[in-house]
Amino acid sequence: MNTFIGCDFGGTKLLIGEIDEQGKILRSKRYKTGVKNHKDAANLILLCLTDYIEEVGFVGTPVAAGAGVVGVVDHANGIWRSLDHVETSPIPLAAMISAKLGVPTVIDNDVKCATRAEMMFGQGKQSDNFIYLNIGTGIAAGFVVEGRILRGANNNSGEVGHSVVDLTREEECVCGRHGCVEGVASGSGFQSQVLRLYNKYQTKLEKPTEGDKVFISEIFRLSEEGDALCKELTVQAIDNISNLIMNLVRITDPDTIVLGGGVVSDGWILPKICDALNASTMRGVKNGVILSSFDPGLVGLIGAGALGIKSIQKRNRKS
């Protein structure tokens, strides 16, 4: 059986696994990351691949591999340009993984990998024009237009978390602007807003100490119970996300919006976002705003493996 290796590298974990041609995960192993630059990250990926080969092994015969990584990726040339959008020395990551595994390898940005998973095996199968909007620790999107993922001149399309949706907000985003949606509606945004608003509202939510993370599910639960702080946090997020969606719809004219990522994965916030959307703006989104069918912790791995599948399909069409 021909299989495909996927590597999903994020800020806190690396997931390596093997998938079949239908996108089913056959085996996988999780590794901790925490490195601060893409050179160290590339070395860690190679070390973990060695461990995976020796300790886990393969179910089938790997014929291609893919890797999804955070930051800026030159997909066409297999180059990882940066971990944190500050470009330093480019790394030929695809060639490095290919040499380790002995199979052709393709790399891409992690959210574009998740978009690929949706295209091939998920909610995006029904559409050639959709937006995959990932709302997790950060916010980013994959734009599919006429069956192709948009990349841009600098391979940096989709950084929609830095779209300004609130001109009244005073706190500055890491990008240097004010009012970015990521500062309110992402996992990190909820965290910062809890700290900013904690003493202004009554709440049963425990104030996070440095190094702790707030649990979005707890915020949603308390909001449902009428907790003042948590209601404010969710109202902010709903307003910001709905405005972001409507702005994006005006740009690429999709017929489907697929929401993924840990903030939305339990489905609680989805109907509230949909209620806030303007019907006229959304009239062309005929398939609606829908949740990804994938576990947010696994979609990147499936998408990385799907890169390998896609590369073999392209090679076979040319032969």
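The values are calculated or read from the model by the stated rules, or taken from the named source; none is laboratory data. Since we're looking at a predicted model, the values are computed, not measured. Heads up, the Cβs are rebuilt from the backbone with ideal geometry, glycines too, and the neighbour counts pull from every protein chain shown. These area figures cover heavy atoms from the full protein model, side chains too; ligands, DNA and RNA do not enter into them. Shrake-Rupley method; radii C 1.70, N 1.55, O 1.52, S 1.80 Å.
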Inset, instruction - Considering every residue within the range 84-93, establish whether at least one is closer than 17 Å to L298 by Cβ and of a type outside the set (D, E, K, R). - result: no
Inset, instruction - Hey, can you tell me all the residues within the range 10-41 that are hydrophobic (A, V, I, L, M, F, W, C), under 20 Å from K100 (Cα atoms) and either at pLDDT 95 or above or surrounded by fewer than 17 Cβ atoms within 10 Å (Cβ to Cβ) (or both)? - result: L14, L15, I16, I19
Inset, instruction - Look through K310, K314 and report the one residue that is more than 24 Å from E159 (Cβ to Cβ) and of a type in the set (K, R). - result: K314
Inset, instruction - Please identify the pairs in which a residue from the range 146-159 that is free of Cβ contacts under 8 Å to residues at least 40 places away in the same chain and at positive phi has its Cβ atom under 7 Å from the Cβ atom of a residue that is part of a loop (DSSP other than H, G, I, E, B) and of a type in the set (D, E, K, R), counting only partners at least 6 apart or on another chain. - result: E146/D128; G147/D128
Inset, instruction - Test R221 against the stated conditions and say whether it is more than 26 Å from E159 (Cα to Cα), open to solvent by 20 Å² or more (accessible area, probe 1.4 Å) and either assigned to a helix (DSSP H, G or I) or in contact (Cβ under 8 Å) with a residue 12 or more places away in the chain (or both). - result: yes
Inset, instruction - Could you name every one of the helices (runs of 4 or more DSSP H) located completely within the range 224-319 that has at least 1 residues being of a type in the set (G, A, S)? - result: 228-252, 299-318
Legend entry - Lone unmet requirement of (1) open to solvent by less than 30 Å² (accessible area, probe 1.4 Å); (2) at pLDDT 95 or above for V72: (2)
Inset, instruction - Note down all Cβ pairs under 8 Å where the first residue falls in the range 83-102 and is over 15 Å from V69 (Cα atoms), the second is assigned to a loop (DSSP other than H, G, I, E, B), and they're at least six residues apart or on different chains. - result: T88/N37; S98/P104
Inset, instruction - Would you check if there is a residue in the range 92-109 being open to solvent by less than 20 Å² (accessible area, probe 1.4 Å), within 11 Å of the chain's Cα centre (by Cα) and closer than 26 Å to S242 by Cβ? - result: yes
Legend entry - Tally, over the range 94-142, of residues that are in a strand (DSSP E or B) and out of contact with any strand residue (DSSP E or B) (no Cβ under 6 Å at 6 or more places or on another chain): 2
Legend entry - Number of positions in the range 190-200 that are touching a helix residue (DSSP H, G or I) at 6+ places or on another chain (Cβ under 7 Å) and open to solvent by 80 Å² or more (accessible area, probe 1.4 Å): 0
Inset, instruction - Output the residues belonging to the range 120-141 that are without any contact (Cβ under 8 Å) to a residue 60 or more places away in the chain and open to solvent by 30 Å² or more (accessible area, probe 1.4 Å). - result: K125, D128
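Condition check ((1) modelled with pLDDT of 95 or more; (2) among the aliphatic types (A, V, I, L, M); (3) exposed (fewer than 15 other Cβ atoms within 10 Å of the Cβ); (4) part of a loop (DSSP other than H, G, I, E, B)) across all residues:
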position: N155; (1), (2), (3), (4): no, no, no, yes
position: L167; (1), (2), (3), (4): no, yes, yes, yes
position: G211; (1), (2), (3), (4): no, no, yes, yes
position: V214; (1), (2), (3), (4): no, yes, no, yes
